[in-house]
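Student: Submitted below is the structure of interest, expressed as structure tokens.
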Amino acid sequence: MLERGFEHILDWFHITMRITVMHQYVKGLAHHNPTEAEQLARILRQIKAYLWNGNLHDGQIAIDYLVMDLDEVETDYASIKALRKAAAEFQTYIYNNAWMIPNYAERRRYGERVSTGFVESTVNTMVGKRFCKRQQMRWSKTGAHLMLQTRTRTLDGTLRGKFEQWYPGMKSASPVKLAA
């Protein structure tokens, strides 16, 4: 259910991570076929620029060229199959999520968020540490899920409303302000 006042956009972090993975494969290809690798790197830079600037039409055309070009590459590069798979999955990912791709450059200019990579990194670090076998106090998957839900509600300001829904008496109590 889409909540009022919220806009769903594809996180720039997820797009760039996929492009970065493909760039790494292309760097490996450069040792086997430098000309082809440079052409593919150029296409990846174009794709990134098109998507960053909200030019989805040209971005999708460039992605299609990337996939077609990879199908024609003949090399003894061991990871060419993985690169082809990554490109095909990226093509599907962008096509399936096209409706959530804004003009990231414009959003950045207006001070709007384009990525939650910093949040994901923090969550991954925190959860990873708690799931570590050497940790004295470990979380279950259910406990980690509940903690993340609580933390999300705290950050987006909806935790108090949820408690007021569960405990109607809280509505009459004024929020406590802490001294600075």
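The values are calculated or read from the model by the stated rules, or taken from the named source; none is laboratory data. Every value quoted in this text rests on a predicted model; they were computed, and no experiment measured them. Methodologically, a virtual Cβ is constructed for each residue, glycine included, from the backbone with ideal geometry; neighbour enumeration extends over all protein chains shown.
Student: Please determine whether any residue of region 38-52 is out of contact with any Lys or Arg (no Cβ under 7 Å at 6 or more places or on another chain), buried (at least 17 other Cβ atoms within 10 Å of the Cβ) and modelled with pLDDT under 95. Talk me through it step by step, then tell me what you get.
Tutor: Here is the first cut: in region 38-52, the residues out of contact with any Lys or Arg (no Cβ under 7 Å at 6 or more places or on another chain) are 38-52.
Still in the running and buried (at least 17 other Cβ atoms within 10 Å of the Cβ): 40, 43-44, 46-48, 50-52.
Retained after the next criterion (residues that are modelled with pLDDT under 95): none.
Checked against the condition, which is being out of contact with any Lys or Arg (no Cβ under 7 Å at 6 or more places or on another chain), buried (at least 17 other Cβ atoms within 10 Å of the Cβ) and modelled with pLDDT under 95, region 38-52 yields no hits at all.
Student: While we're here: Residues in region 30-80 that are more than 30 Å from ILE9 (Cβ to Cβ), of a type in the set (Val, Ile, Thr) and within 26 Å of the chain's Cα centre (by Cα): how many? Walk me through how you get there before you give the answer.
Tutor: Kept after step one, since they are more than 30 Å from ILE9 (Cβ to Cβ), are these residues of region 30-80: 30-39, 71-80.
The next check asks that each one be of a type in the set (Val, Ile, Thr); those that pass are 35, 73, 75, 80.
If we keep only those that are within 26 Å of the chain's Cα centre (by Cα) too, we end up with 80.
Adding up the residues that qualify gives 1.
Student: Here is a further query. Give region 146-161 a look and list any residue that's in a helix (DSSP H, G or I) and surrounded by fewer than 13 Cβ atoms within 10 Å (Cβ to Cβ), or say none.
Tutor: Kept after step one, since they are in a helix (DSSP H, G or I), are these residues of region 146-161: 146-156, 159-161.
Within region 146-161, LEU146, GLN149, THR150, THR154, LEU155, ASP156, GLY161 meet the criteria.
Here is a yes/no grid of residues against (1) exposed (fewer than 15 other Cβ atoms within 10 Å of the Cβ); (2) among the β-branched types (Val, Ile, Thr); (3) at pLDDT 85 or above:
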residue	(1), (2), (3)
ASP76	yes, no, yes
LEU83	no, no, yes
ASN103	no, no, yes
VAL119	no, yes, no
THR125	yes, yes, no
